[in-house]
Amino acid sequence: MINIRKFILKMIVVVSILIIVIPIITMIIWSFINNYKWPDLFPSNFSLRGWKYIIQNNTRVLEVLKNSIFISIMTTIITIAISIPCAKALAFENFKGKKLVELLVFSPVIIPAVSIGMGLNIQFIRLGIARTYIGVILVCVVPCIPYAVNMIKEVFIITGRKYVEQAYVLGASKLDVIRKISIPMIMPGVISASIMCYIVSFSQYFLVYLIGGGKIVTFTMDMFPFIQSGDRMMGSVYGIIFIGSTILLLSIMEYIMSRVYKQSLENYVSLEVSD
């Protein structure tokens, strides 16, 4: 029975890895194939057209990539700053209308992006922030909020408030409690939420196109026309750059955040063990 369970778990892991790896391998192959017609079993028309285009237009590609990275990082920072107090309130507090607040927080997942985008576009035009970086960043925050709040809220629920309350009883200041206890406790959730927010923001196309009005151009806005036109080579090349840049930035982000709070996290673990 145990062997069967182990076999099933191994198969699940293998299948999960294949689901991730096979599309990436296919995309890498397609980035060197100019045309692959049926009924050919193997591609014969190899080309470097896609990569030559990237090299020849490297200034534009780097510019839109820089825009996407900047917008995604700012979106992540703002989203996390909003989500932490919101998640804490939803995790620990009982107040009138809590269910309504939870529904509003998670509504961007339920309501179509078209409805959200059109409504915000009208308001942003009135405020004068449409077709600006501020407007694009704020609209990217909207679809990120549900993921960040949910992840951080679960961490708050798991860790509880006992260590915070214990620190206050022992005479710790509010700043020390936040810096040495609260932040290290929720840091795993914050890192996970930051990664999710970055990916969601980096992947936005419609909302950025609508609010940016074509003035703020991101990497996905350059990539999608190739995909929609059926140019698989260019779509694959852009896809590889998309995945590579995202993995690189997320790795750097996680490394920095882990290093900054490593000592605090170790202190929290030792406190939990001694308790």
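The values are calculated or read from the model by the stated rules, or taken from the named source; none is laboratory data. Nothing here was measured: the structure is a model prediction, and the numbers come from that model. Note: ideal-geometry Cβ built from the backbone for every residue, glycine included; neighbour counts use all protein chains shown.
What the table shows:
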{"read-out": "The range 209-227: number of residues that are farther than 15 Å from residue 66 by Cα and assigned to a helix (DSSP H, G or I)", "value": "8"}
{"read-out": "Criterion: touching an Asp or Glu at 6+ places or on another chain (Cβ under 8 Å), closer than 26 Å to residue 21 by Cβ and not aromatic (Phe, Trp, Tyr) - qualifying residue of 199, 195, 241", "value": "195"}
{"read-out": "Criterion violated by residue 95 - all others in (1) in contact with a helix residue (DSSP H, G or I) (Cβ under 6 Å, 6 or more places away or on another chain); (2) aromatic (Phe, Trp, Tyr); (3) modelled with pLDDT under 90 satisfied", "value": "(1)"}
{"read-out": "Test for residue 31: is it of a type in the set (Gly, Ala, Ser), in contact with a strand residue (DSSP E or B) (Cβ under 6 Å, 6 or more places away or on another chain) and over 30 Å from residue 155 (Cα atoms)", "value": "no"}
{"read-out": "Residue that is surrounded by the fewest Cβ atoms within 10 Å (Cβ to Cβ) [pool: residues in the range 1-60 that are of a type in the set (Ser, Thr, Tyr) and within 30 Å of residue 222 (Cβ to Cβ)]", "value": "59"}
{"read-out": "Qualifying positions in the range 97-111 - among the charged types (D, E, K, R), surrounded by 11 or more Cβ atoms within 10 Å (Cβ to Cβ) and more than 13 Å from residue 147 (Cα to Cα)", "value": "98"}
{"read-out": "Single residue of 70, 124 found to be under 30 Å from residue 187 (Cβ atoms), of a type in the set (Phe, Trp, Tyr), modelled with pLDDT of 90 or more and in a helix (DSSP H, G or I)", "value": "70"}
{"read-out": "Residue 178 vs. criteria assigned to a helix (DSSP H, G or I), out of contact with any strand residue (DSSP E or B) (no Cβ under 6 Å at 6 or more places or on another chain) and either buried (at least 19 other Cβ atoms within 10 Å of the Cβ) or in contact (Cβ under 8 Å) with a residue 60 or more places away in the chain (or both)", "value": "no"}
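Here is a yes/no grid of residues against (1) without any contact (Cβ under 8 Å) to a residue 12 or more places away in the chain; (2) within 20 Å of the chain's Cα centre (by Cα):
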{"site": "68", "(1), (2)": "no, yes"}
{"site": "73", "(1), (2)": "no, yes"}
{"site": "83", "(1), (2)": "no, yes"}
{"site": "96", "(1), (2)": "yes, no"}
{"site": "102", "(1), (2)": "no, no"}
{"site": "105", "(1), (2)": "no, yes"}
{"site": "121", "(1), (2)": "no, no"}
{"site": "127", "(1), (2)": "yes, no"}
{"site": "140", "(1), (2)": "no, yes"}
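Results for (1) acidic (Asp, Glu); (2) under 26 Å from residue 212 (Cα atoms); (3) surrounded by 14 or more Cβ atoms within 10 Å (Cβ to Cβ), shown as yes or no for each residue.
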position	(1), (2), (3)
120	no, yes, yes
131	no, yes, yes
142	no, yes, yes
166	no, no, yes
174	no, no, no
182	no, no, yes
